[in-house]
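Below you'll find the structure, written out as structure tokens, and then a few comments.
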Amino acid sequence: MTTFDDRERAFENMFAHDQEMQFRIQARRNRLLGEWAAAKMGLTPEETDAYAKAVVQADFEEAGDEDVIRKLLGDMTSAGLEIDEAGVRTALDEQAVVARRMFIEAQ
């Protein structure tokens with residue numbers, strides 16, 4: 001039974017590691033997305049940093065990406081930019097690829 005317990009523990013550790021990687025990639029994606037939106041809105045470097053952090057925090061409101069998309073749409077529309085949900089989702093997907101690539105290259 002020891003071998004089975006060892007395998008079970010190994011799978012649990014692998015699952016936990018994979019979940020942590022996904023979390024980090026998603027947080028980096030959200031930060032990059034915040035920086036992208038800040039650039040579109042013409043924010044200063046200090047405002048960009050604060051806004052990117054706010055986008056990362058917005059992701060903790062509910063499960064999924066809808067909270068982040070809602071925040072970006074609202075903020076960008078308030079800033080007078082013409083953007084729709086599809087545009088934000090496209091940027092989200094693009095930044096996800098960049099974040100994953102950055103994470104892999106850092107290892």
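How big is D for the chain, in µm² s⁻¹ as a whole number, if Stokes-Einstein is applied with the Kirkwood radius of its Cα pairs at 4 °C and 1.567 mPa s? Don't jump to the answer; show the numbers that get you there.
Working: Rh = 15.2 Å.
Once the numbers are plugged in, D ends up at 85 µm²/s.
Can you tell me which of 95-101, 17-23 comes out highest on packing, and rank the rest after it, using the mean Cβ neighbours within 10 Å? Don't skip to the end; give the middle numbers.
Details: 95-101: 15.4, 17-23: 11.0.
Packing order, densest peptide first, comes out as 95-101, 17-23.
Using Cα pairs under 8 angstrom and six or more residues apart, how large is the relative contact order of region 2-106, in percent? Computed value for region 2-106: 30 percent relative contact order. For residue 17 and residue 67, what does the FRET efficiency come to when R0 = 25 Å and r is the distance between their Cβ atoms, rounded to the nearest 0.05? With a Förster radius of 25 Å, E is 0.45. Each label point was placed 7 Å from the Cα along the Cα-to-Cβ direction; for residue 50 and residue 105 their separation is 3.0 nm.
Its Cα centre serving as origin, region 1-104 has a Cβ charge dipole (Lys and Arg +1, Asp and Glu -1) of approximately 360 debye.
Laboratory data are not the source of any read-out in this text; all were calculated from the coordinates shown. What you see is a predicted model, and the numbers here were worked out from it, not measured in a lab. Reconstructed Cβ throughout: ideal geometry from the backbone, glycine too, with neighbour counts over all protein chains shown.
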